[in-house]
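Notes for the one structure printed next.
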Amino acid sequence: MDFFNIQNFSLFFSYIRRRLYATFYSLGLLIVIFFFRKHAADNDRKMSSLQELVNNLSSSDVREQALFELSKRTELFDDLAILLWTTPTVMTALLQEIIAIYPDLSNEALTLAQSNKVCNVLALFQCVASHPATRMPFMSAQMPIYVYPLLNTRFKSKPFEYLRLASVGVIGGLVKVDDTEVISFLTSTEVMPMCLCTMEVGSELTKTVEFPDS
Ligand SMILES: *[C@@H]1O[C@H](CO)[C@@H](O)[C@H](O)[C@H]1NC(C)=O
């Protein structure tokens, strides 16, 4: 009986080898699918909690917490700007927060807590201003104009300094790209004199933000 001859052996081994390859291949595929699905599920969870945070901006009792959480993470999610811009009532709520501080801008007693809250709003504004998909709608809606009064203060205390710094950040977000439409909007609204005034009263930090190359 020549069952154990060389040819049968090599056939047998090549058969085993092919089975092994097939097994490893399907195992690998399964692992890839597993991680892909896990990643997708994680992403879904992250997105839904992000959406929840953005929704929470609309209700005044949880707004402050949501502002705090979101302003820390503006860099983490690419499309936060779109979410902020398209979720109904969110931009209105943010605008209300900004306008609510106007009466206190002429009062040197502005507190750090007040300033921090509005700085968090401004961080979200900056996020919207610098995203390519929301920059133009943000400008067309004249949103930058609501930031100008915060630039136009002259008190040197920290709360005011932080407000000016965050406001300059919003303008900086707009001019991140060299877009003639943005530049002509900004020159037509005379934001430049305000930025110069900010430089005059501001600290080194504000000056650096305004003219990063100098
Ligand atoms: C949103 O607000 C609700 C209360 O209205 C709170 O229970 C929930 O944890 C908040 N969501 C996030 C993601 O912070």
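Each value in this text was obtained by applying a stated rule to the coordinates, not by laboratory testing. Predicted, not measured: the structure shown is a model, and the values here were computed from it. Cβ atoms come from the backbone with ideal geometry, glycine included; neighbour counts cover every protein chain shown.
Summary of values
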{"quantity": "Around Arg135: net Lys/Arg minus Asp/Glu count, Cβ-Cβ under 13 Å", "calculated": "-2"}
{"quantity": "Dipole of segment 20-95, positive end: most advanced residue of Met47, Leu80, Val90 [Cβ charges, Cα centre]", "calculated": "Met47"}
{"quantity": "Pairwise FRET efficiency - Ser60 versus Tyr25, Cβ, R0 = 45 Å, nearest 0.05", "calculated": "0.20"}
{"quantity": "Relative contact order [Cα under 8 Å, 6+ residues apart], segment 89-210, whole percent", "calculated": "28 percent"}
{"quantity": "Point-charge dipole on Cβ atoms (K/R +1, D/E -1) for the chain, about Cα centre, debye to 20", "calculated": "900 debye"}
{"quantity": "Global geometry of the chain, whether rounded, prolate or oblate, following the gyration tensor of its Cα atoms and the 1.5 cut on a/c", "calculated": "prolate"}
{"quantity": "Using alpha-carbon coordinates, inclination of helix 63-72 to the longest axis of the chain, degrees", "calculated": "60 degrees"}
{"quantity": "Acute angle (nearest 10 degrees) that the helix 191-201 long axis makes with the longest principal axis of the chain, alpha-carbon atoms", "calculated": "80 degrees"}
{"quantity": "Rounded if a/c under 1.5, otherwise prolate or oblate - segment 89-210, Cα gyration tensor axes", "calculated": "oblate"}
{"quantity": "Loop chymotrypsin sites (Phe, Trp or Tyr not before Pro), segment 55-155 (other Cβ atoms within 10 Å of the site Cβ: 16 or fewer; DSSP)", "calculated": "Phe77"}
{"quantity": "The chain: angle of helix 158-174 to the longest principal axis, Cα-based, in degrees nearest 10", "calculated": "60 degrees"}
{"quantity": "Net length gained if the chain between Arg73 and Ser188 were fully extended (0.36 nm per residue, minus Cα distance)", "calculated": "38.2 nm"}
{"quantity": "Per-residue [θ]222 nm for the chain (sum of -39500 (n - 2.57) over DSSP H runs n ≥ 4, rounded to 500)", "calculated": "-23000 deg cm²/dmol"}
{"quantity": "Residues Ala100 and Ser157, FRET efficiency given R0 of 25 Å [Cβ-Cβ distance, rounded to 0.05]", "calculated": "0.85"}
{"quantity": "Restricting segment 47-142 to GluC sites (Glu not before Pro) in coil, as DSSP defines it, with at most 16 other Cβ within 10 Å", "calculated": "Glu75, Glu108"}
{"quantity": "Relative contact order (%) - the chain, alpha-carbon pairs under 8 angstrom, separation at least six", "calculated": "16 percent"}
{"quantity": "Added length on full extension, which subtracts the Cα-Cα distance from 0.36 nm per residue, Thr180 to Ala113", "calculated": "20.4 nm"}
